[in-house]
Structure formats: structure tokens, C-alpha cells
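A short worksheet on the structure shown next.
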Amino acid sequence: MLRIAAFIAAIALFAFVFPLTTTLLAASQSRDLEQKVQPFLSKYCVQCHGPESQEGDLRIDQLSRDFKTGADAHHWAEVIEKINSGEMPPAGDPQPTRNEISDFVTSLDSLIRDGRAARMAARPAVAHYRLSRKEYQNTVYDLLGVRYDPTKPGELNEDTLWHGFERIGSELTLSPSHVDRYYRAADTVLSRAFPATSAKARKVYKDAAELRYGGGQRQRETLDRFGIKRPLRFLMFPGRNQPALAPHWFGRTGPEHSGLYKLRLQASGIRPLGGQPAHLSIGKATGEDTVDGLIEFDITAPEDRPEVFEFDVFLEMPTTLHFCVVATDIVDRRAGAAFRNVLAGSAGHIFTHSSETLLLNPNAPQMFDDKGNGLFSTVLLDWIEWEGPLETDDEKAKRQGVLPPNAASPDMVAEHLHRFAERAWRRPVEPEELAGYLHAYRTEREAGETTAEAFRVAMQGVLTSRHFLYLVEGEPDAREFLTDWELASRLSYFLWSSMPDESLFATARDGKLHGEELNNQVDRMLNDRRIKGFIEDFSRQWLQLHRVGMFPPDKKLYPNYDDWLETSMRAELIEYFRAMFANNLPIDEFLDSDWTMANARLCDFYGLPEPKAGGFQRVALQPEDHRGGLLTTGAVLGLTSDGTRHRPVHRGVWVSETIFNKTPPPPPANVDAIEPNPPKSPKSTIRQKIESHARDPNCAACHAKIDPFGLAWDNYDAIGQWRTREKVAAGIGEDPLVDSSGVMPDGRQFADGSEFKQILIEDGDKFRRAFIEHLCTYSLRRVLTVDDQDDLHAIVEVAKNQQLGLRDIVRAVALSDLMRKR
């Protein structure tokens with residue numbers, strides 16, 4: 001009894017002391033706010049951010065003082081950052097003493113931390129993060145070995161982007177349109193996984209004689225009369241598509257023949273002296289001389305030493321594909337080249353070799369000079385072979401044992417569905433969760449469907465459940481940390497953009513996804529081939545590569561810009577990131593380097609030595625090349641332009657967001673656009689126009705923080721070509737010299753982009769923190785808040801103190817406390 005009485009007394013004492021403690025804490029916070037925070041703000045901040053002046057659209061006097069709700073917590077955190085860095089108050093204004101700064105920062109930081117604790121305690125118990133289209137595609141492949149393209153017209157809805165990221169949970173909502181398409185997608189996936197009739201692999205081979213000359217008998221007779229012993233070849237030139245695949249080649253072809261196909265072909269190329277190598281694109285025709293490329297590659301093999309190329313490609317059958325030779329210079333019949341029979345005989349268009357001048361037709365557009373040198377980049381095709389649909393042993397194994405046998409008992413069916421649901425939902429599943437799906441199975445069986453067809457209905461329900469379409473974290477009873485199952489999914493979608501594999505599942509099932517075993521699993525995942533999911537998806541989203549080509553460059557202004565250059569520019573950044581990751585290089589090399597990854601097309605554009613092998617290779621850079629790091633790549637310089645001219649402010653915003661993770665405030669309403677130069681006025685640069693605009697007091701503060709980040713790259717035009725003069729279409733006088741100098745917001749000066757990059761490297765701590773913030777946003781699938789700052793700071797300190805390279809920074813994020821918290 002005494003123990004019970006003592007326990008009751010203790011409870012009563014706690015009930016009295018707890019609210020008293022809370023009251024005292026609130027009183028302490030109020031006292032700090034009134035005695036240490038408010039006076040500092042009134043003395044040093046409100047004059048520029050108050051009723052009379054709102055620099056940067058910030059009014060400190062109107063920021064919420066309720067730190068528990070955290071409505072303006074991010075603004076208060078920014079205030080601390082500005083004060084600590086010495087950026088505020090600005091030079092020339094009264095400056096606080098060290099003690100004043102210390103008291104203010106300590107007190108404000110305490111208020112933010114106390115509010116953070118209150119918000120964490122009130123956080124929603126369950127969070128949902130919908131899979132992106134790319135993640136859905138990868139997941140159904142790893143689950144069932146099925147290749148499915150969600151970007152095809154009519155398939156899954158396009159993902160909503162947030163600053164380039166396509167996996168932010170708050171942005172990926174679910175509408176009735178989404179639901180309908182998910183049902184159709186699940187049906188397509190299951191139809192391919194378990195087709196009613198299996199489609200056997202078929203092979204079709206066509207040589208140049210059959211592909212171009214209808215068999216070539218008459219053409220060979222012509223060659224015999226001339227005494228030419230060379231084989232017929234298919235000459236393809238830029239300006240017209242040619243057939244690469246037709247459905248009838250295989251015989252009867254339907255949707256059941258969709259799948260993986262292997263393409264093999266033998267080809268060589270002819271190029272102008274000092275000109276571009278031939279580039280071949282294969283895809284669905286989008287015009288008479290363009291295709292939506294599925295396969296893209298350079299052909300550097302010379303005419304007399306053709307090369308065999310081999311590719312694996314997923315095809316939705318039936319389909320028709322075309323060849324397209326991509327080059328800046330094309331043979332355009334609309335410009336007068338109505339006949340293209342470069343080499344012609346009595347039997348029509350014939351080609352064997354560029355040296356066979358006996359067949360030259362003087363009335364046709366000239367393809368070669370009198371020495372056989374090409375005037376255009378052309379492709380010589382010898383033969384082509386398609387084989388498919390193909391299935392790998394690994395793909396077949398993913399489906400092994402998923403369907404119950406035809407004579408399966410109800411218990412056996414339930415067992416099979418339970419096993420499938422646990423893999424699909426990526427967690428343990430209680431039997432009662434599957435009751436509705438088993439009921440649907442029984443209904444189908446009673447209606448006369450086979451076991452397999454009825455089971456497919458139940459599986460479709462599993463694949464359209466929120467437990468499959470979403471990463472679900474948490475449960476009704478709130479907790480701070482993820483379970484091992486939830487952590488397994490968070491890790492796999494971070495590093496692989498797909499579901500966990502069996503090893504990761506087994507570790508979660510055993511409750512061992514922590515400590516040394518967690519380290520081992522992360523290391524294994526970093527070395528797995530599926531890490532390309534992170535490399536390609538994160539780099540594409542972080543750098544906002546969806547914007548490349550958003551404003552196609554004007555062909556009259558930039559005649560050397562073509563589709564292959566655009567594709568190469570986009571790929572350069574992904575290959576650069578891949579090389580950085582593979583070699584665990586310091587992330588400073590994102591800012592500046594003496595190398596890049598380039599293919600033949602980019603080397604031609606940048607004026608670099610052409611790589612000896614095809615595809616992307618590491619290419620050394622010299623100072624006179626004016627390249628190095630991300631900021632001087634064609635993709636970055638192009639995505640921040642509008643297709644006709646460079647946009648320094650847009651470039652500055654991109655640098656601010658991508659390099660520093662700081663999004664500038666939007667411009668005021670009704671800002672006048674920069675007008676073209678008047679014909680009778682002296683020619684002026686865009687920089688001069690911006691500087692005139694920035695003299696407006698309402699615009700000056702923001703432009704001072706953005707413009708230097710963009711003006712540093714004024715030596716590069718709208719597609720990223722180096723120049724020393726800015727081409728101005730109208731006006732009096734010669735084109736003005738470019739001025740890429742500037743002054744950083746803290747007063748440091750730079751003469752050009754090279755010096756600007758060195759300043760960025762000196763500020764490496766800022767970039768390191770921003771880069772880790774981007775990684776955490778990507779991995780957590782949400783916007784970071786002030787509540788994450790302590791865990792974020794811990795990762796940054798490890799990366800800094802241990803001088804971690806890119807791969808090790810990714811590893812540190814994967815192993816961090818932040819990754820394990822809800």
C-alpha cells in the first residue's frame with residue numbers, strides 16, 4: 001500500500017510540477033524575447049526591414065514570434081545566419097558589439113530550438129511519399145522483371161517538379177486521373193509478366209541490298225557492267241529519315257511481342273575534312289528528317305574499316321523506327337536539293353564506295369569532292385539485325401513462384417498473395433489486410449475465371465494500393481525513428497531509385513539494419529550496378545536538366561546547334577557526375593576542374609581534341625579552353641538562356657539555387673522586360689541594360705546578390721560558346737566587348753569567370769553544406785526545415801573534417817541520424 005501511495009503521490013507531484021515547468025519555460029522564453037532579441041532587432045534591423053523600408057521583401061517587425069508554430073522559423077534562422085556571417089547589418093550602418101551579437105544569437109537560437117522540439121512532438125504520425133514515374137518503372141522491373149515505360153503518351157501522369165526535384169512528397173498528389181492510369185499501368189505490367197500466350201524470340205537480318213535496293217539484283221548487274229566488285233552499301237545522309245524497323249519484318253506482331261530487343265548493325269562513316277563525325281539516331285519519326293531517339297551513337301569508324309555496334313532497347317510493339325543522321329549541315333530538298341542520287345546508274349541510286357567516280361551523277365547534289373572527301377557527315381550501313389523479345393534469366397526468376405498452381409487450395413492462394421504483397425508493399429503484411437483482395441479472387445473464380453486470371457485481379461489490387469504506390473512511414477502511435485523496414489525502403493529509393501532487394505529485406509526482417517550491418521548494407525548498395533539510379537536521377541534533378549532545350553535556340557542565330565549537341569550537353573553533366581562518384585573525387589571539382597567528360601560532338605563544339613574511342617571519354621582541359629567544372633558546360637549555360645540571348649539574371653538564380661541552395665525572392669510585379677537595342681542607338685550589352693535597371697532602389701538589393709553570380713559567365717552566349725564580344729543585332733557601332741567582372745555581395749571582386757570560380761572554391765564550406773542539403777532533400781523526399789539543422793550540421797562537419805569525396809559524402813548521408821528519423 002505504501003508503494004502505491006508513494007506512486008500516486010509522485011504522479012500528483014509530476015502533474016503539478018510539469019505545468020509549472022512549462023510555465024516557467026514559457027516565461028523564460030518571453031523574457032529572452034523582450035530583453036535580448038527585440039532590442040537588438042529594433043536597434044540594428046528594423047530600419048531596413050520594417051514599416052519604412054522592406055529590403056528583400058522582408059519585414060522583421062511582422063515575423064511571427066510564436067516559435068511553437070514555426071510559421072517564420074526559416075526566416076529567423078536566416079537572420080541568425082546573416083548576423084553570424086557579418087553580412088548584416090551592412091557596412092556603413094551601426095554595428096553591434098560581440099557581446100550584443102552573442103546574446104542575440106544565443107537567445108534567438110534557443111527560441112528556435114524550443115519551438116522545434118514542440119513541433120517535432122506534434123508531427124503527423126504517418127507520412128506518405130508517392131513514387132515518381134521513374135521509381136515506379138524501376139520498382140515493377142525489380143518486383144516482376146517487367147519493362148514498362150511510364151512516360152509513353154497515355155501512361156502515368158508527369159511528375160510535378162519542385163526546383164528540379166521530382167520526388168517531393170508534398171508535390172506528388174493523387175487525382176482521379178492518377179488512379180485510373182495506375183489501374184491501367186498495373187494491368188499492363190501483369191499482362192507482360194504473365195501473358196496468356198508467350199511470344200518467342202525472333203530474329204530478322206537485312207543487308208544493305210535488301211534494305212535499300214529491294215534485293216539489289218539489278219544494281220549488282222549494273223556494277224558488273226562497270227567491273228565494280230565492291231558490295232552494295234546503304235548511304236544515309238542528314239536531311240531524310242530511312243527505315244530501321246517495320247512491324248512486318250517479323251511477320252505478325254502485336255502488343256504481346258513488346259519487350260527487350262537486341263539490335264546489331266555494321267556501319268562506318270564519312271565526314272567532311274575537319275568536320276563533325278557522323279551521328280546516327282534511331283527512333284520514331286517526328287518529321288521527315290527528325291526522330292525521337294531511342295538509340296544514339298557516334299560513328300567514327302572510317303569507310304574501309306566498318307564497326308559492329310550492339311544495343312539493347314525496350315520496344316512497345318508493334319512499332320516503326322527510322323534512322324536519322326544528325327548533323328549541323330543537312331541536304332535539304334526544301335532548299336533546292338530535290339534529287340539526292342549522288343551515285344547513280346541505269347538501275348537507279350547505287351552506292352558502293354566514295355572512290356567509285358564512274359557512277360557519279362553530275363546532275364545530283366554533290367556529296368563528295370573530286371577526291372572522295374565527304375561534304376556532309378554521312379553513314380554507310382552494311383547490315384542490320386533485330387532479335388527479340390528477349391528475357392534474361394534474372395527477369396524470369398523474379399516471376400518464379402508468384403502465381404499459385406491451378407489446383408491451389410484457398411490457403412495456398414492466400415500464402416502466395418501474402419508473399420507477393422510483402423515484397424510489393426516492402427514490409428510485413430497482416431492477413432486481415434489482404435481480405436478484400438482474396439474476396440476479389442474468390443469472386444472471379446466463382447464467375448468462371450482460371451486460378452491465374454483470378455489471382456491477377458488480386459495482384460492488381462495490391463499494385464494499386466497506397467502501400468505500393470507510396471512510401472508509407474510511421475503508424476498511428478507516433479515515433480521518432482523509422483523501423484528497419486521503412487529504413488530499408490528509404491535507403492533503396494535514395495541509392496537505387498527502386499525497391500529493396502532480398503538482402504536488404506532479410507536484414508530488415510531480422511531487425512539488424514543498424515550498426516555494422518547497416519554500414520555493410522550501404523557499402524554493398526553503393527557498389528551495386530543499381531547505384532546508377534542515384535547517379536542519373538539525382539544529377540538530373542539537382543542540376544535541373546529538364547530545362548535543357550526548353551527554349552530551343554534560334555537556328556538563324558546559332559546554326560551549329562543541333563539535336564545531338566543538345567543530347568550530348570545533357571549527358572555530359574550526368575557522365576561528369578558518374579566519373580566524380582566512381583573516383584570519389586572532391587566536390588570542389590564540381591566548381592572547377594582541368595577535365596570534363598565529352599564525346600566527339602562536344603569536342604567539336606568546345607574545340608577540344610576528339611576522343612580516340614566512341615562515346616563519352618575523359619578529356620583534359622587547358623586554360624585557353626575556358627571550360628572546367630559544371631558552370632562552364634553548354635548545358636548549364638544553355639538552360640539559363642532563352643534561345644536567342646544569354647540571361648545573366650537567370651544564370652545567377654541557377655547558381656544561387658544549385659550551388660548555394662538559396663532561392664532568391666521573385667521579382668516585383670510588372671518589372672519591365674529588357675528591350676532589344678534601338679537601331680539608332682549605340683550598341684549596348686545586356687549587362688549594361690541590367691545595371692541601368694538595378695539602379696531602381698526597389699530592385700538594387702536583390703540584384704546585388706544575384707547579378708554577380710550570372711554576369712561572371714557573360715563570355716558565353718546563349719548556347720555556351722565562348723566569345724569576347726557580345727553580338728548585338730541592332731544599333732550603331734561595333735559589337736561591344738564583354739565585361740564579366742563583378743563584385744560579390746560581401747565586397748570581394750573578380751575579373752572574370754575563372755576568378756569567380758576560385759572565390760566559390762574559397763567558400764567551399766558553403767557549397768559543401770548546400771550540396772549536402774540537396775542530397776538530404778532528395779533522400780528524405782521533402783523540403784528541409786530548421787528542425788533538421790542539428791542533424792544536417794553533423795553530416796556537414798563529418799564531410800569537412802574528414803575531407804570526404806563525393807561517394808563518401810553520399811555514404812555519410814545514408815548512414816546519418818537524419819536518414820533514420822521520420
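What the table below lists for this structure:
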{"read-out": "Rel. contact order, % - alpha carbon contacts under 8 angstrom, at least six apart, region 396-458", "value": "38 percent"}
{"read-out": "Sparsely packed trypsin sites (Lys or Arg not before Pro) within region 610-656, loop by DSSP, other Cβ within 10 Å at most 10", "value": "Lys612"}
{"read-out": "5 angstrom amide H check on Ala244, placed H, neighbours 5+ away", "value": "Leu321, His322, Phe323"}
{"read-out": "Under Karplus coefficients 6.51, -1.76 and 1.60, residue-wise ³J(HN,Hα) of region 298-313 in Hz, glycine/proline x", "value": "7, 10, 9, 5, x, 4, 8, 9, x, 10, 8, 10, 9, 9, 10, 9"}
{"read-out": "Amide proton proximity set for Gly615, modelled H, under 5 Å, gap of 5+", "value": "Asp298, Ala600"}
{"read-out": "Normalised contact order of region 717-783, rounded percent, pairs of Cα under 8 Å and 6 or more residues apart", "value": "14 percent"}
{"read-out": "Exposed-site-free run, longest, the chain (rule: GluC sites (Glu not before Pro); DSSP loop; at most 12 other C-beta within 10 Å)", "value": "481-733"}
{"read-out": "Mean projected area (nm²) of the alpha-carbon convex hull when region 38-188 is viewed from all directions", "value": "13.7 nm²"}
{"read-out": "Rounded tilt (10° steps) of 98-121 against the dominant C-alpha axis of the chain", "value": "80 degrees"}
{"read-out": "Computed over region 689-822, Cα set: Rg, Dmax in Å", "value": "19.9, 64"}
{"read-out": "FRET E, pair Ala408, Glu210, Förster distance 45 Å, beta-carbon r, rounded to 0.05", "value": "0.35"}
{"read-out": "Karplus (6.51, -1.76, 1.60) ³J(HN,Hα), θ = phi - 60°, over region 529-535, in Hz, Gly and Pro reported as x", "value": "4, 6, 4, 4, x, 5, 4"}
{"read-out": "Value at 222 nm in deg cm²/dmol, rounded to 500, when DSSP H runs of n ≥ 4 in the chain each add -39,500 (n - 2.57)", "value": "-12500 deg cm²/dmol"}
{"read-out": "Estimated FRET transfer efficiency (Arg748, Asp817; beta-carbon r; R0 35 Å; 0.05)", "value": "0.50"}
{"read-out": "Difference of contour (0.36 nm per residue) and Cα-Cα distance, Glu81 to Asp369", "value": "97.0 nm"}
{"read-out": "At most 10 other Cβ within 10 Å, DSSP loop - trypsin sites (Lys or Arg not before Pro), region 225-307", "value": "Lys229, Arg252"}
{"read-out": "Calculated from backbone phi, Karplus (6.51, -1.76, 1.60) coupling profile of region 70-84 in Hz, x at Gly/Pro", "value": "x, 4, 10, 4, 5, 5, 5, 5, 5, 4, 4, 4, 5, 5, 4"}
{"read-out": "Centroid-to-centroid separation of region 55-80 and region 614-672 [C-alpha atoms, Å]", "value": "31 Å"}
{"read-out": "For region 383-528, size of Cβ-based charge dipole, Lys and Arg +1, Asp and Glu -1, in debye", "value": "260 debye"}
{"read-out": "Cα Rg, Dmax (largest Cα-Cα span) when computed across the chain, Å", "value": "32.0, 120"}
{"read-out": "Rounded to 10°, Cα long-axis angle of helix 563-582 versus longest principal axis of the chain", "value": "50 degrees"}
{"read-out": "Long-range amide H partners of Leu585 with built H, under 5 Å", "value": "Leu806, Arg807"}
{"read-out": "Extended-chain gain in nm, criterion 0.36 nm per residue less alpha-carbon gap, Phe551 and Glu422", "value": "41.9 nm"}
{"read-out": "Label-point gap, in nm, between Glu797 and Thr97 - each point 7 angstrom along Cα→Cβ", "value": "3.0 nm"}
{"read-out": "Rg to Rh, two decimals, where region 508-575 supplies the alpha carbon set and Rh follows Kirkwood", "value": "1.29"}
{"read-out": "Net lengthening on full extension, Glu755/Asn520 (0.36 nm per residue, minus Cα-Cα)", "value": "80.4 nm"}
{"read-out": "FRET efficiency estimate (nearest 0.05) - Cβ-Cβ, Ala613 to Asn560, R0 30 angstrom", "value": "0.80"}
{"read-out": "Rule-of-thumb Rg ratio for region 211-313 [Cα; 2.2 N^0.38 Å; N residues]", "value": "1.26"}
{"read-out": "Contact order normalised by residue count of the chain, Cα under 8 Å, 6+ apart, percent", "value": "11 percent"}
{"read-out": "Helix 697-711 vs. the chain, principal-axis angle (Cα, 0 to 90°, nearest 10)", "value": "50 degrees"}
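Taken together, the values in this text are just the output of simple stated rules run on the coordinates, not laboratory data. Note that the structure is predicted; figures quoted are calculated from it, not measured. Note: ideal-geometry Cβ built from the backbone for every residue, glycine included; neighbour counts use all protein chains shown.
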